[in-house]
Protein chains: 2
Amino acid sequence: MGERRVTMRDVAKASGVSPATVSFVLNNVTEQHISPATRDRVTTAARELGYVPHAIAKALREGTSRIVLLALPAGIRGPGLDAYTRGLDDELARHGHVLLVRHGSSLHGTLASVIATVSPRAVIDLSGLYREAADGPAAEPVTSNDGGWIDGLAAHTLVQLRHLTRAGHTSIAVALPPDDSGWARLARVRLHFAREAAARIGLAEPPTLTIPEDAAEAARAVRDFRREFPSVSAVAAFDDAVAMHLLSVLHGLDVAVPGQLAVIGFDAVEYGSFATPALTSVHIDAQSYGQRAARTVLGLEPPSEPPAPATVIVRESV
Amino acid sequence: MGERRVTMRDVAKASGVSPATVSFVLNNVTEQHISPATRDRVTTAARELGYVPHAIAKALREGTSRIVLLALPAGIRGPGLDAYTRGLDDELARHGHVLLVRHGSSLHGTLASVIATVSPRAVIDLSGLYREAADGPAAEPVTSNDGGWIDGLAAHTLVQLRHLTRAGHTSIAVALPPDDSGWARLARVRLHFAREAAARIGLAEPPTLTIPEDAAEAARAVRDFRREFPSVSAVAAFDDAVAMHLLSVLHGLDVAVPGQLAVIGFDAVEYGSFATPALTSVHIDAQSYGQRAARTVLGLEPPSEPPAPATVIVRESV
DNA sequence: TATGATTACTAAATCGAATTAGTGCAACCA
DNA sequence: TGGTTGCACTAATTCGATTTAGTAATCATA
């Protein structure tokens with residue numbers, strides 16, 4: 001109740017100087033000359049009073065808060081994005097910033113109004129990037145402040161397909177989630193990258209297999225697909241959920257995995273190892289991408305090492 | 001660059017009144033008498049200029065921002081918590097607030113300093129609640145602003161065990177994640193609730209089965225457990241990850257599920273349906289708990305309907 | 001017709017920090 | 001001795017919205 005907050009004025013009074021001087025000392029303003037004695041008195045007073053700068057006042061003065069906004073499309077979740085978020089959060093915290101995650105799910109308040117409300121230092125709009133990348137065949141993101149996340153997605157898709165060709169497969173399909181699943185946009189992006197990757201390593205354009213939610217429908221879809229494309233010997237899945245769904249359908253259809261059809265997932269969830277057969281998947285070091293993104297938006301040098309390449313977690317399904 | 005922000009002053013100038021009047025109109029201050037004509041001029045001017053109130057200035061004046069902080073322990077994720085967060089986010093957005101999620105993972109900056117920095121309207125500290133609930137056997141949370149989330153966890157654990165007894169099981173065990181998995185604290189809470197629930201429905205205290213990460217170790221742990229407690233015919237798992245791990249171990253050990261041992265999960269992840277056998281699990285309407293939490297912290301009436309009870313997603317494993 | 005109440009507003013202070021424009025004072029150079 | 005420069009600080013303004021105290025003008029009442 002009565003806990004009034006310790007302001008700069010209090011520190012000033014306690015150390016016998018003006019608030020301006022306190023500000024100069026605490027912000028290490030180099031253009032101002034402050035005697036070491038005063039500097040010392042101010043810092044100890046601040047410490048003893050437990051002074052914490054009031055970010056809101058600071059933000060009002062500076063015109064921008066120390067908040068970074070991450071806008072995600074609705075319904076997009078997964079271990080990769082979680083790790084990305086964590087990397088972002090940690091790196092931002094390391095520089096005194098706070099990550100605000102805005103899920104597209106929010107009914108009211110568009111992103112623009114949230115931005116006007118919070119005055120964030122920067123905005124990482126993955127929903128925009130996803131859209132961007134899906135639209136043009138050039139896939140050149142306008143705002144490249146995502147730490148290379150989308151570029152990474154392309155590279156990782158290449159890793160996924162390459163693993164299949166290295167295992168001897170030459171006729172490869174891509175498995176996608178249903179269009180109404182909320183992943184539709186990202187699915188188009190990934191499909192685009194898969195086609196690019198296939199062209200790069202000299203494969204024919206991969207046919208696509210969309211797997212419906214409903215188990216019976218899914219079984220039918222898979223059976224039809226195998227009838228239409230009998231030569232396909234391996235499937236690169238959009239993510240592990242799609243891969244595991246496919247695995248369970250194939251189990252029901254008595255199709256041997258990887259004997260008759262190999263399956264590789266994406267984004268290596270832990271559950272994958274409990275599937276039968278255990279799911280081979282592509283693991284992404286998304287956390288380092290998050291870290292890069294943080295450094296990018298804060299205007300810092302990106303880390304010298306390039307982001308870790310995707311690694312294939314080899315289990316049983318390929 | 002030159003895009004100066006539209007302030008209240010601009011609106012005042014455009015409508016020929018003072019900034020104070022603009023504030024009164026825009027905030028519907030009932031203590032002040034404003035003529036309908038003026039009221040109209042101000043609102044249209046605000047609309048035409050595209051005036052968006054500057055939340056930071058507002059926050060400085062009011063001493064608190066329209067931000068609500070959700071503090072989560074490190075490494076705690078899952079569909080339940082995701083849905084909880086979504087419910088919270090949506091309901092807060094509906095009342096002009098923004099949710100800031102703070103993952104315990106952040107290396108620098110304690111929760112206290114983040115609070116001092118952001119001056120949030122409210123803090124929902126689930127890490128604290130988890131600790132609280134785990135400590136005393138009374139499990140009476142000090143801050144009950146979580147919308148009944150922890151209480152719900154207790155109720156849902158009861159649902160989980162009850163489903164097993166209704167299926168005819170009388171000797172039930174609890175499966176837990178390893179202590180070093182980051183879930184340790186929550187695992188203790190859930191175990192506490194499981195014991196309470198068992199007592200309530202007249203079961204003996206359930207033995208616990210901790211399942212190590214490593215597959216070989218896990219297999220050994222399960223075999224030893226079955227040797228020590230041969231009468232146990234059903235296992236209530238901490239979450240679906242543990243349940244699915246158990247399922248894959250049992251598959252390797254040639255133990256029939258649910259024939260020789262029934263398994264029920266918790267928090268119904270989608271992957272569960274792709275396990276063999278498909279995992280029966282407890283689904284929680286966490287979103288409505290998030291919504292309740294939002295209303296609680298904003299000081300609004302909670303919705304009249306009680307939170308939806310947990311439902312059992314019956315598949316094959318029980 | 002003077003007094004009081006009500007209406008419809010405005011001026012100015014406030015929140016807490018950052019910053020620009022000064023103000024004394026001492027040292028230094030010619 | 002007068003002028004310049006450097007040092008160590010302070011006063012006062014600013015960011016944008018809220019709110020208290022106050023002021024004209026109108027209306028009602030005695």
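The values are calculated or read from the model by the stated rules, or taken from the named source; none is laboratory data. Remember, it's a predicted structure, so these values are computed and weren't measured experimentally. Backbone-built Cβ (ideal geometry, glycine too); neighbour counts: all protein chains shown. In case anyone asks, the SASA skips ligands and DNA or RNA and just uses the protein heavy atoms, side chains included. Shrake-Rupley method; radii C 1.70, N 1.55, O 1.52, S 1.80 Å.
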> For the protein assembly as shown, with every protein chain kept in place, what is the accessible area per residue (1.4 Å probe, Å²)?
Replying inline: 46 Å²
>> If you fit an axis through the alpha-carbon atoms of helix B:215-228 and take the longest principal axis of the Cα set of chain B, what angle between them do you get, 0 to 90°, nearest 10?
In response: 60 degrees
> Could you give the Stokes-Einstein D for region B:239-318 in µm² per second, using the C-alpha Kirkwood radius, 4 °C, 1.567 mPa s?
Replying inline: 92 µm²/s
> Which one of B:86, B:77, B:61 has the biggest mean-square fluctuation once chain B is modelled by GNM with Cα springs under 10 Å?
Replying inline: B:61
>> Can you tally the net charge around residue B:22? Count Lys and Arg as +1, Asp and Glu as -1, for every other residue whose Cβ sits under 11 Å from the Cβ of residue B:22.
In response: +3
> What size of dipole, in debye to the nearest 20, comes out for region B:1-72 about its Cα centre when the only charges are +1 on Lys and Arg C-beta atoms and -1 on Asp and Glu C-beta atoms?
Replying inline: 120 debye
> Can you list the residues of region A:221-242 that have at least 10 square angstrom less accessible area with all protein chains present than in their chain by itself, probe 1.4 Å?
Replying inline: A:241
> Shape of region B:179-221 from its Cα gyration tensor (a ≥ b ≥ c, root eigenvalues): rounded if a/c is under 1.5, otherwise prolate when a/b > b/c, or oblate?
Replying inline: oblate
>> Label position 7 Å from Cα toward Cβ: report the copy-to-copy distances for residue A:74 in nm, one decimal, ordered from shortest.
In response: 3.5
>> Let me confirm one metric for peptide A:53-65, namely the mean number of other chain beta-carbon atoms within 10 Å of its residues' beta-carbons.
In response: 5
>> Working only with C-alpha atoms, what are the Rg and Dmax values of region B:140-234, expressed in angstrom?
In response: 14.7, 44
>> Which one, B:121, B:41, B:162, has the greatest fluctuation when you compute a Gaussian network model over chain B with C-alpha springs under 10 angstrom?
In response: B:41
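Taking all protein chains as present, what is the carbon and sulfur share of the accessible area of the protein assembly as shown, in % to the nearest whole number, probe 1.4 Å?
Numbers: 15100 of 29220 Å².
Carbon and sulfur together cover 52 percent of it.
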> Which parts of region A:232-246 would a label at residue B:215 reach, counting a residue when its backbone N lies under 17 Å from a point 7 Å out along Cα-to-Cβ?
Replying inline: A:244
> What is the set of long-range amide H partners of residue A:262 at a cut-off below 5 Å, with H atoms built 1.01 Å from backbone N?
Replying inline: A:234, A:235
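Strictly greater than 33 Å: what percent of every Cα pair in the protein assembly as shown meets that?
So the pairs more than 33 Å apart make up 55 percent of the total in the protein assembly as shown.
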> What is the gain in length, in nm to one decimal, between residue A:170 and residue A:29 on full extension, counting 0.36 nm per residue of separation less the C-alpha to C-alpha distance?
Replying inline: 44.4 nm
> Taking springs between alpha-carbon atoms closer than 10 angstrom, which of B:25, B:257, B:118 fluctuates most in the Gaussian network model of chain B?
Replying inline: B:25
> Cα axis of helix B:126-135 to longest principal axis of chain B: angle in degrees, 0 to 90, nearest 10?
Replying inline: 40 degrees
> In the P(r) worked out for region A:206-261, what percent of Cα pairs fall beyond 19 Å?
Replying inline: 15 percent
> Toward the positive end of the charge dipole of the protein assembly as shown, about the Cα centre and with charges on Cβ (Lys, Arg +1; Asp, Glu -1), which of B:122, B:318, B:11 goes farthest?
Replying inline: B:11
> Under 5 Å between amide H atoms, partner at least 5 residues away or on a different chain: which partners does residue A:312 have, H built in plane at 1.01 Å?
Replying inline: A:283
>> Just to check, using Stokes-Einstein with a Kirkwood Rh over alpha carbon pairs, what's the diffusion coefficient of chain B at 20 °C and 1.002 mPa s in µm²/s?
In response: 95 µm²/s
>> Just to be sure I follow: if Rg is taken over the C-alpha atoms of region B:1-105 and Rh is the Kirkwood radius over the same atoms, what is Rg/Rh?
In response: 1.14
> Counting only residues 5 or more places away or on other chains, whose amide H sits under 5 Å from the amide H of residue A:280 once H atoms are built in the peptide plane?
Replying inline: A:265, A:315, A:316, A:317, A:318
>> Give me the summed buried accessible area for the B-A pair, 1.4 Å probe, to the nearest 100 Å².
In response: 4100 Å²
>> About the Cα centre, and with charges only on the beta carbon of Lys, Arg (+1) and Asp, Glu (-1), how big is the dipole of chain A? Nearest 20 debye, please.
In response: 1000 debye
> Taking the alpha-carbon centroid of each part, what is the distance from region B:1-55 to region B:212-237 in angstrom?
Replying inline: 68 Å
